[in-house]
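> Here it is: the structure, laid out below.
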Amino acid sequence: MLGIDKDRAFKAVNIALLTVSDTRSLENDKSGSTLQERILKAGHKVYDRFIVKDDIIKIKNILVELINNREVDVVITTGGTGITGRDLTPEVFNEILEKEIPGFGELFRWLSYKKIATSTIQSRAMAGVTKGTYLFSLPGSVGACKDAWDDILVHQLDYRHRPCNLVELMPRLREHEEDV
């Protein structure tokens, strides 16, 4: 079966939103607002929403705080995924991810190619998991956030989605800690 399994009950997850930008505030953060609207419409909870400057230490500190919070299931960042000198989000992800989910970035760029052609090579969108928390790093544009949510995340964060989804794996994400 492909799609929504109506025999399964929806399970809401707690999602924290983090916009990485030197210029955005909660009032003018269109990408963060777009994600928040879609998350709530899908039935999930927005745990909290933050803005952080393009600074490796600041980004890392807030991500580590969210990862260590057992109430947060997912962290979605927007911004800082380009290739300019101030785009640092993937570098922070590379430092803190236990396991990367390379298929997310690959699929995102494939979908993006259909809309922005070869300009998609400038995106370093990525995802992974650390301490049982999923992390997704999206570009800062509204269009990219819509594409990532509407075409990938809304499905993978829905327990009813078949043939498989990321929510059903959540209880097993910390199994390796039991061995330590």
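Laboratory data are not the source of any read-out in this text; all were calculated from the coordinates shown. Quick caveat: nothing in here was measured; it's all calculated off a predicted structure. Here Cβ is always computed from backbone atoms with ideal geometry, including for glycine, and neighbour counts include all displayed protein chains.
> Using only Cα atoms, figure out Rg for region 3-167 and give it as a multiple of 2.2 N^0.38 Å.
Here the answer is 0.97, to two decimals.
> Could you tally the net charge around residue 51, taking each other residue with its Cβ under 15 Å from the Cβ of residue 51, Lys/Arg +1 and Asp/Glu -1?
-1
> Could you give the size of the charge dipole of the chain about its Cα centre, using +1 on the Cβ of each K and R and -1 on the Cβ of each D and E, expressed in debye and rounded to the nearest 20?
About 540 debye.
> Near the amide H of residue 5, under 5 Å away, which other amide H atoms are found, from residues 5 or more places off or on another chain, if H is placed in the peptide plane?
For residue 5, the qualifying residues are 161, 162.
> Have a look at region 1-83 and give its Rg and Dmax from the Cα atoms, expressed in angstrom.
That works out to 14.6, 45 Å for Rg and Dmax.
> Of all alpha-carbon pairs in region 42-117, indicate the percentage at a distance above 22 angstrom.
Percentage above 22 Å: 33.
> For labels at residue 174 and residue 8 in the simple 7 Å Cα→Cβ model, what's the distance in nm?
The modelled label-to-label distance comes out at 2.2 nm.
> Could you tell me the extents of region 127-180's C-alpha atoms along the three principal axes, largest first, rounded to whole Å?
42, 25, 10
> A further question on this structure: What residue among 103, 85, 43 has the largest mean-square fluctuation in a Gaussian network model of the chain, using Cα springs under 10 Å?
85
> Past 28 Å, Cα to Cα, is the threshold; run 6/30; 11/114; 11/99; 11/131; 30/99; 30/53 against it and keep the listed order.
Over 28 Å Cα-Cα: 6/30; 11/114; 30/99.
> Rounded to the nearest Å, what's the spacing between the alpha carbon centres of region 61-87 and region 121-158? Just the number, please.
So the two Cα centres are separated by 11 Å.
> Using 1/(1 + (r/R0)^6) with R0 = 22 angstrom and r between the beta carbons of residue 154 and residue 114, what's the FRET efficiency to the nearest 0.05?
0.80
> Please list, in order, the residues from region 127-160 whose amide nitrogen is less than 12 Å from a point placed 7 Å along the Cα→Cβ vector of residue 37.
Hits in region 127-160 for residue 37 at 12 Å: 142-143, 146.
> Another question, then. Which of 90, 101, 2 sits farthest toward the positive end of the charge dipole of the chain, with +1 on the Cβ of Lys and Arg and -1 on the Cβ of Asp and Glu?
2
> Here is a follow-up. Neighbour counts of other C-beta atoms within 10 Å: give me 155, 44, 176 arranged from fewest to most.
176, 155, 44
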